[in-house]
Amino acid sequence: FVAVVVSYPTFISRVAATKDRALALSIWSVFIPLGFSLALLSSILLSPLGSWRYLWILGSIFAIIYLLGTRFHSLIDKNIPYVTKTIPGHYRAFLLNRNFLMLAFIFTVYAFQWITIMAWFPGFLMEKFELSLHDAAFFTALIVLVNIPGNLFGGRLNNNQIHPSIILRIATLIMFIS
C-alpha cells in the first residue's frame, strides 16, 4: 500500500505527458476505492471459510507478487532526467502556506468522512435495516465504489484546464450538501 501511495504519483508524473498527467493521476487514484471494495466483496466470498485471516493471507500474496515484480523490473526509466530543488529552508514557507494548509484541512475532512462511513456504515445497515453481514459488506462496497467516478471526473476536469481549486470547491460543496 505504502509503495503505491508514495511512489506511484511521482512515477506517473515522470512518465505521463504533461497534457495527460491529471487524467493519469485520476486513473491511478481509483486503486483505493477499488481495492477497498474488492476487499469487502472478497470478505463475502471468503467468510464461509471461517476466518478473516484468509483475506489477510490473500493480501499478503499480492504484496509478495508486487515485491518480486519490483525486484526484477525497474519502474524508473533512467533516460528521463530527474531534477530536484529541495532546499530545507523552503519547507517552513511551504508548511505555512495558506493554500497548503487549506488543502490539508480539506483532505483531513474528506478522510474523516470516508473512514467514518467505512467503519460506521456496515453496522448501521445491520442494526437499522437488519441486513446480514454479507449484505452490509456488499452495500458498503457499492458506497465506496462511488468514489471512482468522482476521481475520474475530477481528473477529466483538471485535464480540461479547470483549476484544481475550483474542483476542490465543487467537491467540498457536494460533500457538505450530502
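The values are calculated or read from the model by the stated rules, or taken from the named source; none is laboratory data. Small disclaimer: the values here were computed from a predicted structure and weren't measured. A quick note on method: Cβ atoms are made from the backbone with ideal geometry, for glycine too, and the neighbour counts reach across all protein chains shown. Ligands, DNA and RNA are stripped out before the accessible areas are found, and what is left, the full protein with its side chains, is counted by its heavy atoms. Shrake-Rupley method; radii C 1.70, N 1.55, O 1.52, S 1.80 Å.
Return the residue satisfying two criteria in turn: it lies in the stretch 154-164 and is of a type outside the set (D, E, K, R) and touching a residue at least 60 places away in the same chain (Cβ under 8 Å), and of such residues it is nearest to Thr108 (Cα to Cα). Quick ask: steps written out before the conclusion?
Taking the stretch 154-164 first, the residues of a type outside the set (D, E, K, R) are 154-155, 157-164.
Filter again for touching a residue at least 60 places away in the same chain (Cβ under 8 Å), leaving 154-155, 158-159.
Values: Gly154: 18, Gly155: 20, Asn158: 21, Asn159: 24 Å.
Applying the filter and picking the extreme gives Gly154.
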Original post:
Can you spot a residue in the stretch 103-112 that is of a type outside the set (Gly, Ala, Ser), surrounded by 12 or more Cβ atoms within 10 Å (Cβ to Cβ) and farther than 23 Å from Thr172 by Cβ?
Top reply: no
**OP:** Take Phe124 and decide whether it is open to solvent by 90 Å² or more (accessible area, probe 1.4 Å), in contact with a helix residue (DSSP H, G or I) (Cβ under 9 Å, 6 or more places away or on another chain), among the hydrophobic types (A, V, I, L, M, F, W, C) and at pLDDT 90 or above.
**Re:** no
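Residue-wise test of (1) open to solvent by 70 Å² or more (accessible area, probe 1.4 Å); (2) aliphatic (A, V, I, L, M).
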{"residue": "Leu23", "(1), (2)": "no, yes"}
{"residue": "Leu38", "(1), (2)": "yes, yes"}
{"residue": "Ser43", "(1), (2)": "no, no"}
{"residue": "Gly50", "(1), (2)": "no, no"}
{"residue": "Arg53", "(1), (2)": "yes, no"}
Subject >> Those residues of the stretch 1-18 which are among the aliphatic types (A, V, I, L, M) and either within 24 Å of Leu142 (Cα to Cα) or in a helix (DSSP H, G or I) (or both), in sequence order >> reply: Val2, Ala3, Val4, Val5, Val6, Ile12, Val15
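Per-residue answers, yes or no, for (1) more than 19 Å from Ala137 (Cβ to Cβ); (2) modelled with pLDDT of 80 or more:
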{"position": "Gly59", "(1), (2)": "no, yes"}
{"position": "His73", "(1), (2)": "yes, no"}
{"position": "Lys78", "(1), (2)": "yes, no"}
{"position": "Val83", "(1), (2)": "yes, no"}
{"position": "Ile87", "(1), (2)": "yes, no"}
{"position": "Leu96", "(1), (2)": "yes, yes"}
{"position": "Ala104", "(1), (2)": "yes, yes"}
Original post:
Could you say which residue among Ala171, Ala104, Ala119, Ala137 is closer than 21 Å to Ile27 by Cβ and in a helix (DSSP H, G or I)?
Top reply: Ala171
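Hey, does the stretch 141-153 have a residue that's farther than 26 Å from Leu23 by Cα and either among the small types (Gly, Ala, Ser) or part of a helix (DSSP H, G or I) (or both)? Steps first, please.
The initial filter retains those residues of the stretch 141-153 that are farther than 26 Å from Leu23 by Cα, namely none.
Within the stretch 141-153 (the criterion being farther than 26 Å from Leu23 by Cα and either among the small types (Gly, Ala, Ser) or part of a helix (DSSP H, G or I) (or both)), the answer is no, since none of the residues qualifies.
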Original post:
Restricting attention to the stretch 6-21, and to residues there that are surrounded by 11 or more Cβ atoms within 10 Å (Cβ to Cβ) and touching a helix residue (DSSP H, G or I) at 6+ places or on another chain (Cβ under 8 Å), which single residue is modelled with the lowest pLDDT?
Top reply: Tyr8
